[in-house]
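J.: Below you will find the structure I want to go over with you.
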Amino acid sequence: KEFVSVEMSVFHQNLIKQNTVLRAGCIGGCKPRGKQFHPNCSVCREWRNEILSHHTNRNGEINWGNCRPWLWSSEHWEVAKAYMPRGSADIQGPDKCDAAALLNLIGFCDHFRFVSQQKVREVIKSRNELMHSSEMSVSSAWIDEYALKIHDLLNEFRCVPEVKQAAIEIKKILSSDWAVVLSGRDDVDGIPNMSNEDEAVQISTMEIELLKEKLQEILLDEQDVLSEEDISRIGKFRCFLEGSKDLGSNFHAAIQRLLNLEQKKEHKHQRSNSNDIEAEKHTEDEKSEDPPRKKQKNSV
């Protein structure tokens, strides 16, 4: 994380050095909204163009709502957030970042072009598979494949001291027995097959962080129009949390919020059905009120 912050600081300094317009702060009170950003001032327009020009996917969407444009000229991390997933607005630095945010930053900012984009995409793809699983469960084969992908990606940072230690810890955790941890049973925190108590704590902590990311993703989706599939996914995830005594306790407020989402959708669905039935009945009533038309004889 420190490495990413230093690199983004260098990136920020280079941008300002090469384009002096960027040194000035926002003078138009420019505020983005979600994926839309229409700057009022020339400085923010210039910043927007620079950020877009360094995006590895020129046709990709940018979550401008993550950023505070008036800070772009002075804080490199505000620029970094333009390359992160939505919901990153309150991330004040790399220490507060989850893996998804850092992976997106490395994958979408061309300052990190020295890193294999294919390897970044493979790790992101695997994380998405896990995060989109309602039961948060994967097979041993999946974990082995994921470990290999992480190893390949970390190898891109082999010259970074902090990454070496991280690689050792990740390898140790992924080589442990995850069978009980991912099952959603009550003994999440009392992992019986662990040879080392510290490993159990590390895995439990990692699991909690993954669940928090999953929850954030669902609650962000709440801002959009939820489909029946979304509600089904929310219900399964809620049941998963409720199925574990420890998780149920830690995520009590979240479970209630998920339940409210389901009930809100169900109420909306019932109201829609009721309106459809009422409209049908009204149509039938109108038809029954129409007097029968008499046949007219054709005149010769």
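J.: Inside region 75-92, can you point out the residues that are within 24 Å of I27 (Cβ to Cβ) and touching a Gly at 6+ places or on another chain (Cβ under 7 Å)?
T.: W77, A89 - these are the residues of region 75-92 that are within 24 Å of I27 (Cβ to Cβ) and touching a Gly at 6+ places or on another chain (Cβ under 7 Å).
J.: Can you run down the residue pairs with Cβ atoms below 9 Å, 6 or more apart or on separate chains, where the first is in region 152-167 and touching a residue at least 24 places away in the same chain (Cβ under 8 Å) and the partner is part of a loop (DSSP other than H, G, I, E, B)?
T.: From residues that are touching a residue at least 24 places away in the same chain (Cβ under 8 Å), the pairs are D152/S116; L153/V115; L153/S116; E156/F114; E156/V115; E156/S116; F157/V115; E162/K1.
J.: I've got another one for you. Enumerate the pairs (first residue in region 52-76 and farther than 14 Å from L22 by Cα; second residue anywhere and among the aromatic types (F, W, Y)) with beta-carbon separation below 6 Å, excluding pairs fewer than 6 apart on the same chain, so at least 6 apart or on different chains.
T.: Short answer, once both residue conditions are applied: H55/F108; T56/F108; W64/F37.
J.: Next question, about the same structure. Which of the residues that make up region 78-129 are open to solvent by 30 Å² or more (accessible area, probe 1.4 Å) and in a loop (DSSP other than H, G, I, E, B)?
T.: Hits for region 78-129 are P85, R86, G87, A89, D90, Q92, D98, R113, F114, S116.
J.: Any idea which of (1) open to solvent by 30 Å² or more (accessible area, probe 1.4 Å); (2) modelled with pLDDT under 95; (3) of a type in the set (A, V, I, L, M) is the one V10 doesn't satisfy?
T.: Result: V10 fails condition (2) only.
J.: When residues of region 56-77 are filtered for being aromatic (F, W, Y), open to solvent by less than 30 Å² (accessible area, probe 1.4 Å) and assigned to a helix (DSSP H, G or I), how many remain?
T.: Result for region 56-77: 2.
Residues checked against (1) more than 13 Å from S74 (Cβ to Cβ); (2) in contact (Cβ under 8 Å) with a residue 60 or more places away in the chain; (3) of a type in the set (A, V, I, L, M):
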| site | (1), (2), (3) |
| --- | --- |
| L15 | no, yes, yes |
| T20 | yes, no, no |
| R23 | no, no, no |
| C26 | no, no, no |
| K31 | yes, no, no |
| H38 | yes, no, no |
| S42 | yes, no, no |
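J.: So in region 100-126, with the set limited to residues that are of a type outside the set (F, W, Y) and in contact (Cβ under 8 Å) with a residue 60 or more places away in the chain, which one is nearest to D152 (Cα to Cα)?
T.: Top of the filtered list is Q117.
J.: Could you tell me whether any residue of region 27-39 is of a type in the set (K, R), assigned to a loop (DSSP other than H, G, I, E, B), open to solvent by 20 Å² or more (accessible area, probe 1.4 Å) and at pLDDT below 95?
T.: Yes, region 27-39 has at least one match.
J.: How many of the residues in region 12-41 are among the small types (G, A, S) and either within 25 Å of the chain's Cα centre (by Cα) or over 20 Å from N66 (Cα atoms) (or both)?
T.: 2
J.: Would you say A147 is at pLDDT 80 or above, open to solvent by less than 70 Å² (accessible area, probe 1.4 Å) and in a helix (DSSP H, G or I)?
T.: Answer is yes for this residue.
J.: Condition first: in a helix (DSSP H, G or I) and open to solvent by less than 30 Å² (accessible area, probe 1.4 Å). Now tell me which residues in region 17-26 satisfy that.
T.: Matches in region 17-26: L22 only.
The values are calculated or read from the model by the stated rules, or taken from the named source; none is laboratory data. Everything numeric in this text was worked out from a predicted model, so none of it was measured. Positions of Cβ are backbone-derived with ideal geometry, glycine not excepted, and every protein chain shown enters the neighbour counts. Heads up: the accessible areas ignore ligands, DNA and RNA and are worked out on the full protein's heavy atoms, side chains in. Shrake-Rupley method; radii C 1.70, N 1.55, O 1.52, S 1.80 Å.
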